[in-house]
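Novice: Okay, here's the structure, questions in a sec.
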Amino acid sequence: MSTVRASDFGTGTLSRASALVHTLLTVEALLLLTASPGLAALLLLDPAPANLPLAALCLLPLGPALSAALYALHHRSRDLTELHPARAYLRGLRLNAVPALKLWIPLLVWLTVIAFTLTHFSATGLPGWWALLLAAVGAGCLLWGAHALVLTSLFAFRARDTARLAAYFLVRHGRATLAVASLLVLTAASAGLLTEALPALLAAPLLLSLLHGSRPVIAETRKDFTA
């Protein structure tokens with residue numbers, strides 16, 4: 001009968017699965033806790049176009065929370081005996097809160113302007129194709145924002161350099177951009193068809209999927225744009 005060595009503990013399939021579940025649950029809880037002030041206020045807002053600026057304000061804490069979660073998930077251990085997801089999340093929050101806000105705030109402002117214009121489009125007097133153009137620009141901003149969020153969470157670039165790299169990777173790695181688009185569609189569909197709270201409750205698995213789809217972006221950034 002085979003024996004299990006102490007060094008083998010925490011490296012099996014079941015242990016790796018348990019480590020993943022533990023990490024996801026911990027990161028999810030910390031993400032919701034960090035973003036809870038804004039999310040709670042968002043739930044109290046009336047879903048009216050006039051409240052779009054207030055909704056954007058409520059979403060401000062979500063940017064650093066998402067960045068810290070991506071950092072913790074990227075640095076997660078596969079070993080059940082070496083789990084420190086809370087420590088990694090707090091470290092990511094400390095390192096990335098300000099860099100994330102430098103990109104998150106302009107993105108929220110621009111998306112709010114687009115959404116406000118689309119919800120009041122009849123008052124603008126613009127031709128209908130402008131609405132399609134604005135919607136396309138908004139979708140492109142979301143895709144750019146996802147790349148920028150990954151880059152600012154895992155690398156210490158200046159905000160303007162992160163912005164340029166995110167725009168570069170939109171075209172450079174079409175498959176990664178398509179993966180981001182699929183996640184955004186899935187998130188929007190789950191919120192629209194089921195409940196608006198579902199994307200928040202599944203944020204950690206969605207972010208892990210974002211990291212998985214962004215592997216080419218991460219690999220090229222590490223190889224070509226870091227010392």
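The values are calculated or read from the model by the stated rules, or taken from the named source; none is laboratory data. Not measured: the values here are computed from a predicted model. Reconstructed Cβ throughout: ideal geometry from the backbone, glycine too, with neighbour counts over all protein chains shown. Ligands, DNA and RNA are stripped out before the accessible areas are found, and what is left, the full protein with its side chains, is counted by its heavy atoms. Shrake-Rupley method; radii C 1.70, N 1.55, O 1.52, S 1.80 Å.
Novice: Take each of the peptides 197-208, 23-34, average the number of other beta-carbon atoms within 10 Å over its residues, and list them starting from the highest.
Specialist: Values: 197-208: 17.7, 23-34: 19.3.
Output ranking for 197-208, 23-34: 23-34, 197-208.
Novice: Okay, moving on. How large is ³J(HN,Hα), in whole Hz, for each residue of region 26-38 in order, when computed from phi with the Karplus curve 6.51 cos²θ - 1.76 cosθ + 1.60 and θ = phi - 60°, using x for Gly and Pro?
Specialist: My calculation for region 26-38 gives 5, 5, 4, 5, 5, 4, 5, 5, 5, 8, 4, x, x Hz in order.
Novice: Additional query: Please identify the longest segment of the chain free of exposed trypsin sites (Lys or Arg not before Pro), where exposed means a DSSP state other than H, G, I, E or B and no more than 11 other Cβ atoms within 10 Å.
Specialist: 6-157
Novice: Also, I was wondering about something else. What residue among 157, 143, 65 has its Cα farthest toward the positive end of the dipole of the chain, where the charges are +1 on Lys, Arg and -1 on Asp, Glu, each on the Cβ?
Specialist: The residue sitting most towards the positive pole is 157.
Novice: Oh, and also: Over the Cα atoms, compute the radius of gyration (one decimal) and Dmax (the largest Cα-Cα distance, rounded to a whole number) for the chain, in Å.
Specialist: Taking only Cα atoms of the chain, I get Rg and Dmax of 19.4, 80 Å.
Novice: Rounded to a whole number, what is D in µm²/s for region 10-57 from Stokes-Einstein with the Kirkwood radius over alpha-carbon pairs (37 °C, 0.692 mPa s)? Each step should come with its number before you reach the end.
Specialist: Numbers: Rh = 13.2 Å.
In µm²/s, the coefficient rounds to 249.
Novice: Of all chymotrypsin sites (Phe, Trp or Tyr not before Pro) in region 157-227, which ones are in loop regions per DSSP and have a Cβ with at most 16 other Cβ atoms within 10 Å?
Specialist: Hits after loop and neighbour filter: 225.
Novice: Could you do me a favour and compute the accessible area per residue for region 96-227, 1.4 Å probe, result in Å²?
Specialist: Counting only protein heavy atoms, the per-residue value for region 96-227 is 56 Å².
Novice: Here is a further query. Eigenvalues of the Cα gyration tensor times 5, then square-rooted: what semi-axes does that give for region 58-152, in whole angstrom, largest first?
Specialist: Gyration-tensor ellipsoid for region 58-152: 37, 12, 9 Å.
Novice: With the full set of protein chains in place, find how many percent of the accessible area of region 59-184 is carbon and sulfur; take the probe as 1.4 Å.
Specialist: Solvent-exposed carbon and sulfur of region 59-184 make up 69 percent of the total.
Novice: Over 15 Å, how big is the tail of the calculated P(r) for region 152-207, in percent of all Cα pairs?
Specialist: Details: 937 of 1540 pairs.
Summing the P(r) of region 152-207 above 15 Å gives 61 percent of all pairs.
Novice: In Å and on Cα atoms, what radius of gyration and Dmax does region 112-159 show?
Specialist: Final numbers for Rg and Dmax: 14.7, 44 Å.
Novice: Same structure again: Could you work out how far helix 62-74 tilts from the main Cα principal axis of the chain, as a 0 to 90 degree angle to the nearest 10?
Specialist: On a 0 to 90 degree scale, this one is about 30.
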